Ligand SMILES: [Zn+2]
């Protein structure tokens, strides 16, 4: 058993690897133990996933969608109290209803005094916030590599063969070490509403996340990862997204996830 990222012995590793973080509601897409070693698993959790998921963009998404973290806590949404220009924390839970307070606890008393002096006011809660490109690219690249591994192993390709092949070397390094290349451009676009409800036969459901691989005519391999309706596409072979742009224009901008 060799770790697919650092290539060290992973036979004594205990952790299973969540392809999509648990804190985005993933309970089923998991690589079994021995594929990603404990050290890499911890590194991804603290250096990539935690900073992405605690960004306001993802924290607000998790809060809006009521997705609890591993400790069962639904995060607060970040917003602005318009009359005071002060940041606020808003949370709605089935048990406790809606609660609101100052974002920084030390400002709570001032926040309450300001509220008491008003008959009405406005909270502004952003639906989307910028997030560091490089951090987000490493987050999506990690998922993309693991999607590839999951699919490859279904096709009886071994981790040893993946490590030996040149194909994923650069992106594995970008994820695990992050020293090069400088950036890894992705495609990011919304393909359905965050709250979209799908129906099939007698059942209705919401799609939290879904993913697939696309192999283009130019023999490039892309991971297509959709998180709450936002499609992220990354080229697993190198830091260029041009081939996907060409594929999109040849295919009427449809998502590879919804081609059939
Ligand atoms: Zn490792």
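The values are calculated or read from the model by the stated rules, or taken from the named source; none is laboratory data. Please read these numbers as outputs of a predicted model, since none were measured by experiment. Note that we place each Cβ from the backbone using ideal geometry, even for glycine, and neighbour counts take in every protein chain shown.
Starting from the range 1-23, keep only residues that are under 19 Å from residue 175 (Cα atoms) and in contact (Cβ under 8 Å) with a residue 60 or more places away in the chain, then list their pairs with residues that are in a loop (DSSP other than H, G, I, E, B) and more than 8 Å from the ligand (Cβ to nearest atom) whose Cβ atoms are within a distance under 6 Å, requiring at least 6 positions of separation or different chains.
4/35; 19/29; 20/26; 20/29
Among the residues that make up the range 48-69, is at least one of them surrounded by fewer than 16 Cβ atoms within 10 Å (Cβ to Cβ) and either within 16 Å of the ligand (Cβ to nearest atom) or under 25 Å from residue 170 (Cβ atoms) (or both)?
To start, the set of residues in the range 48-69 that are surrounded by fewer than 16 Cβ atoms within 10 Å (Cβ to Cβ) comprises 50, 54, 65-66, 68-69.
Narrowing further to those that are either within 16 Å of the ligand (Cβ to nearest atom) or under 25 Å from residue 170 (Cβ atoms) (or both): 50.
For the range 48-69, residues surrounded by fewer than 16 Cβ atoms within 10 Å (Cβ to Cβ) and either within 16 Å of the ligand (Cβ to nearest atom) or under 25 Å from residue 170 (Cβ atoms) (or both): present.
Would you mind telling me which numbered condition in (1) modelled with pLDDT under 90; (2) at positive phi residue 34 fails?
Checking residue 34 against (1) modelled with pLDDT under 90; (2) at positive phi, the one that fails is (1).
In contact with a strand residue (DSSP E or B) (Cβ under 6 Å, 6 or more places away or on another chain), assigned to a loop (DSSP other than H, G, I, E, B) and within 16 Å of the ligand (Cβ to nearest atom) - does that describe any residue in the range 26-33?
no
Run down 139, 111, 174 and say which single residue is at pLDDT below 90 and either within 22 Å of residue 49 (Cβ to Cβ) or surrounded by 13 or more Cβ atoms within 10 Å (Cβ to Cβ) (or both). Steps first, please.
Numbers: 139 fails: at pLDDT below 90; 174 fails: at pLDDT below 90.
Step by step, each of 139, 111, 174 is checked, and only 111 is at pLDDT below 90 and either within 22 Å of residue 49 (Cβ to Cβ) or surrounded by 13 or more Cβ atoms within 10 Å (Cβ to Cβ) (or both).
For the range 56-156, give me every one of the helices (runs of 4 or more DSSP H) that falls completely inside it and has 1 or more residues that are under 17 Å from the mean Cα position of the chain (by Cα) and in contact (Cβ under 8 Å) with a residue 12 or more places away in the chain.
Values: elements: 56-64, 108-116, 133-154.
Here the list reads 56-64, 133-154.
Being assigned by TED's automatic domain parsing to the domain that holds residue 236 and modelled with pLDDT under 90 is true for just one of 166, 150. Which residue is that? If you could, list the steps in order and put the result at the bottom.
Working: 150 fails: modelled with pLDDT under 90.
Of the residues listed, the single one that is assigned by TED's automatic domain parsing to the domain that holds residue 236 and modelled with pLDDT under 90 is 166.
Give just the number: which of (1) in contact with a strand residue (DSSP E or B) (Cβ under 9 Å, 6 or more places away or on another chain); (2) touching a residue at least 12 places away in the same chain (Cβ under 8 Å) does residue 197 not satisfy?
Evaluating residue 197 over (1) in contact with a strand residue (DSSP E or B) (Cβ under 9 Å, 6 or more places away or on another chain); (2) touching a residue at least 12 places away in the same chain (Cβ under 8 Å) leaves (2) as the failure.
Restricting attention to the range 13-25, report how many residues are touching a helix residue (DSSP H, G or I) at 6+ places or on another chain (Cβ under 8 Å) and within 14 Å of the ligand (Cβ to nearest atom).
First, pick out the residues of the range 13-25 that are touching a helix residue (DSSP H, G or I) at 6+ places or on another chain (Cβ under 8 Å): 13-15, 17, 19-21, 23-24.
Then drop every residue that is not within 14 Å of the ligand (Cβ to nearest atom), which leaves 13-15, 17.
Residues that pass the stated criteria total 4.
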